[in-house]
Amino acid sequence: MKLVPWRFFRTWECLACGLCCRRYIVSLSREEALRLMEKYGPWVISIEGGKYFLRRVNGTCIFQRGNLCGIQDDKPIACRLWPFFILNKPIKARDRLLAEFNWNDYSFYVYVDPFCRGLNKGSTPIEKAIIEAIKIKIGEQKTQFYTTSKYILKPSIKKKESLRI
Ligand code: SF4
């Protein structure tokens with residue numbers, strides 16, 4: 001995955017193409033894995049080399065429904081933040097100015113994954129999505145407004161049994 005400093009893009013909007021859920025294997029913290037197993041069943045998680053991941057079924061995330069996420073309110077943090085990566089130092093020294101993002105007297109270094117089809121799409125300034133991503137990353141906010149699709153799937157998956165594989 002080659003990340004690009006955020007300043008190369010002006011706007012961002014999730015197009016609900018669903019390609020990120022198909023392409024990436026999502027890694028989880030132990031706490032996230034335990035929470036998801038408790039709520040949806042042990043079969044939603046895979047463990048490899050002592051690390052936790054969202055299980056994939058038929059080439060995509062077990063929770064994907066159509067092109068959307070079936071557990072919007074329970075999404076792991078990696079999914080909430082993607083395609084934004086909020087770091088506390090630049091990946092390369094020469095990125096410093098292009099990746100720096102100042103918010104609330106702190107400097108963050110923000111990159112995006114150019115695989116995302118939503119870059120430079122829509123009319124939401126990318127800064128608005130980045131501020132929300134920073135708040136999510138530092139635990140100040142959970143609900144997503146600018147960092148997810150406007151076609152959020154409701155209702156979310158409720159039953160463990162519907163996910164048994
Ligand atoms: S985050 Fe990007 S790749 Fe994923 S569904 Fe939205 S537009 Fe598509």
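Since every read-out is calculated from the coordinates, none of them should be taken as a lab result. Note that the structure is a prediction, hence the values are computed from the model and not measured. Here the Cβ is made from the backbone with ideal geometry for all residues, glycine too, and neighbour counts use every protein chain on show.
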Which Rg and Dmax, in Å, describe the Cα atoms of the stretch 1-61?
14.8, 41
Between the helical axis of 30-40 and the dominant principal axis of the chain, each derived from Cα atoms, what acute angle in degrees is found, rounded to the nearest 10?
40
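If we count other beta carbons within 10 Å of each Cβ, what is the order of F8, F145, fewest first?
Values: F8 14, F145 11.
Neighbour counts put them in this order, fewest first: F145, F8.
So which trypsin sites (Lys or Arg not before Pro) in the stretch 58-165 end up in coil per DSSP with only 16 or fewer other C-beta atoms within 10 Å?
Values: sites: R65, R80, K92, R94, R96, R117, K121, K128, K135, K137, K142, K150, K158, K159, K160, R164; in loops: K92, R117, K121, K142, K150, K158, K159, K160, R164.
When the trypsin sites (Lys or Arg not before Pro) of the stretch 58-165 are filtered for loop state and at most 16 Cβ neighbours within 10 Å, K92, R117, K121, K142, K150, K158, K159, K160, R164 remain.
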Helix-only mean residue ellipticity at 222 nm for the chain, each DSSP H run of n ≥ 4 adding -39500 (n - 2.57), per residue, nearest 500:
-6000 deg cm²/dmol
Relative contact order of the chain, pairs being alpha-carbon contacts under 8 Å that are 6 or more residues apart, as %:
37
So how many Lys-Lys pairs in the stretch 4-151 land under 21 Å Cα to Cα, not counting same-chain pairs under 8 apart?
20
Which angle from 0 to 90°, rounded to the nearest 10, does the C-alpha axis of helix 126-137 make with the longest principal axis of the chain?
50
Based on other C-beta atoms within 10 Å, arrange M37, M1 from fewest to most.
M1, M37
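Where the convex hull is taken over the Cα atoms of the stretch 4-151, what is its projected area averaged over directions, in nm²? Could you put the intermediate results ahead of the total?
Values: hull surface 37.3 nm².
If I average the Cα hull's projected area over directions, I get 9.3 nm².
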Which of A33, A93, A16 moves most in a GNM of the chain, Cα contacts under 10 Å?
A93
